[in-house]
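The values are calculated or read from the model by the stated rules, or taken from the named source; none is laboratory data. Computed from a predicted structure; not experimentally measured. Backbone-built Cβ (ideal geometry, glycine too); neighbour counts: all protein chains shown.
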Amino acid sequence: MRLRGETVVASAGRLLAVGAGEMHCGAAADLRAGWSYRILYVAPAPLAEAGTRGAGRPRALTPLRCGPPPPLCMNTAGRPWVPESGDRPMRYMSRMNTTVVSLDEIKKRFEAANEAQMFGWFTDQLGYIQERAEKKQKPTELHLAKGPIHLDTLKPNSPWILVIDGDLDVSGDIDLSTQPYDMSLFVVFGNVRARNFRYSGSACCFVSKSLELSGGCFGDHGDESAELHCAKLTARVLVLDGHTGVNAAELDTVVFASEGWGLPRHFTNNDNAADFFVVDVLTDDGIHEEEVWNLMTSGRDPFLPGAYEKLRARVVDGKARQKPQ
């Protein structure tokens, strides 16, 4: 688990305590093996009271006996873990010419963009990628492309490490979805413009300037490490599942996200999804983010007539979380 800028490794039967609203994410210690875990949600008040009687707030508590694990190893999306078969080549659009470079070359780009702190984030993610590559006896390649770059679509096969030095303009959609725990890195030193943008699974994304979308921004399966950092996000709608957040200095969009991420939400727990969305994307307790993505990438509107305008008119704080300090 990555928490408070550190990596905590927990063995089977261990109990980890995470503060309410505290951003975190996790992955299997052995990325090839998959994992499972159980969550117990406790009201903050009794925990705070208990903490005053102890020696401070603990990070790792005494082992907790939870009984035998499930018979089938599951990933955090509830899907059976399927071992990888064969190698998937790192493949980009034919119109994007990339060069394999050293880490020092990437570091220079971060320094030139005054993003030394985010270089630390980059090397952390790179370490996980290298560990997995070593187990598969495959080299880790850092691909650098020089912008401005213009593409019709962008949908690389994971795993990938793609750094773009300059603006990226995509007339269609950017789909940065990975296979389970296929940690991948997408970095742009400049602006990104596209119709729809998705970061899913283990896609770790950083845009040094603005991410400008005419459609929607979608994030899901953040418990497999999917994350997005950008200076400003402009989109028609931001749709995040309960495991995924976004780090942006400024948001200009209608936000659908879980309360715990601290984002300014236009759609809240008091709203009924059936009052705003077409029936194709509804579930028993809300909306299906995947179906919203499918509708918007096909050019269809997921909102009922007049519903989007009602949400957009709501007054919320337009400033979101800053990048982690």
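I need every pair where a residue in the range 23-39 that is loosely packed, with under 15 Cβ neighbours inside 10 Å has its Cβ under 8 Å from the Cβ of a residue that is of a type outside the set (Gly, Ala, Ser) and modelled with pLDDT of 70 or more, sequence separation at least 6 or different chains.
His24/Met1; His24/Val18; Ala29/Val9; Arg32/Arg132; Arg32/Lys135
Looking only at residues in the range 234-268 that are assigned to a strand (DSSP E or B) and among the hydroxyl-bearing types (Ser, Thr, Tyr), which one is modelled with the lowest pLDDT? I'd like the intermediate steps shown before the answer.
Of the residues in the range 234-268, the ones assigned to a strand (DSSP E or B) are 234-240, 247-256.
Those still in the list that are among the hydroxyl-bearing types (Ser, Thr, Tyr) too: 234, 253.
On the way: Thr234: 96, Thr253: 91.
Out of the qualifying residues, it is Thr253.
Being modelled with pLDDT of 65 or more, under 26 Å from Leu228 (Cα atoms) and part of a loop (DSSP other than H, G, I, E, B) narrows it down to one residue among Ala27, Ala20; which is it? Full working, then the answer.
Details: Ala20 fails: modelled with pLDDT of 65 or more.
None of the other options fit; the residue is Ala27.
For the range 172-179, indicate whether the set of residues that are among the polar types (S, T, N, Q), touching a residue at least 60 places away in the same chain (Cβ under 8 Å), in a loop (DSSP other than H, G, I, E, B) and within 21 Å of Ile106 (Cα to Cα) is non-empty.
No: zero hits.
Within the range 175-210, which residues are touching a Leu at 6+ places or on another chain (Cβ under 6 Å) and hydroxyl-bearing (Ser, Thr, Tyr)?
Tyr181, Tyr199
Exactly one of these conditions fails for Glu227: (1) within 22 Å of Leu311 (Cα to Cα); (2) of a type outside the set (Lys, Arg); (3) in contact (Cβ under 8 Å) with a residue 24 or more places away in the chain; (4) surrounded by fewer than 23 Cβ atoms within 10 Å (Cβ to Cβ). Give me its number.
Against the list (1) within 22 Å of Leu311 (Cα to Cα); (2) of a type outside the set (Lys, Arg); (3) in contact (Cβ under 8 Å) with a residue 24 or more places away in the chain; (4) surrounded by fewer than 23 Cβ atoms within 10 Å (Cβ to Cβ), Glu227 comes up short only on (1).
On the given criteria, is Phe119 crowded, with 18+ Cβ neighbours inside 10 Å and at pLDDT 95 or above?
no
Can you run down the residue pairs with Cβ atoms below 6 Å, 6 or more apart or on separate chains, where the first is in the range 262-281 and without any contact (Cβ under 8 Å) to a residue 24 or more places away in the chain and the partner is assigned to a loop (DSSP other than H, G, I, E, B) and buried (at least 20 other Cβ atoms within 10 Å of the Cβ)?
Pairs found: Val281/Pro302.
In the range 202-224, what residues are in a loop (DSSP other than H, G, I, E, B) and either surrounded by fewer than 24 Cβ atoms within 10 Å (Cβ to Cβ) or out of contact with any helix residue (DSSP H, G or I) (no Cβ under 8 Å at 6 or more places or on another chain) (or both)? Spell out how you get there, then give the answer.
Pass one, the range 202-224, residues in a loop (DSSP other than H, G, I, E, B): 202, 214-215, 221.
Scanning the range 202-224 gives Ser214, Gly215, His221.
Take the range 281-303 and flag every residue that is part of a loop (DSSP other than H, G, I, E, B) and acidic (Asp, Glu).
Asp284, Asp285, Asp301
Return a yes/no flag: does the range 272-280 have any residue that is of a type in the set (Val, Ile, Thr), surrounded by fewer than 21 Cβ atoms within 10 Å (Cβ to Cβ) and assigned to a loop (DSSP other than H, G, I, E, B).
yes
Considering only residues of the range 242-271 that are within 17 Å of Val315 (Cβ to Cβ) and of a type in the set (Ser, Thr, Tyr), which is surrounded by the fewest Cβ atoms within 10 Å (Cβ to Cβ)?
Per the stated criteria, the residue is Thr268.
Can you spot a residue in the range 140-147 that is assigned by TED's automatic domain parsing to the domain that holds Leu213, at pLDDT below 95 and more than 30 Å from Thr297 (Cα to Cα)?
Scanning the range 140-147 turns up at least one residue that is assigned by TED's automatic domain parsing to the domain that holds Leu213, at pLDDT below 95 and more than 30 Å from Thr297 (Cα to Cα).
Among the residues of the range 107-144, write down those that are outside any helix (DSSP H, G or I) and aliphatic (A, V, I, L, M).
Applying the first criterion (outside any helix (DSSP H, G or I)) to the range 107-144 yields 113-115, 136-144.
Within the range 107-144, Ala113, Leu142, Leu144 qualify.
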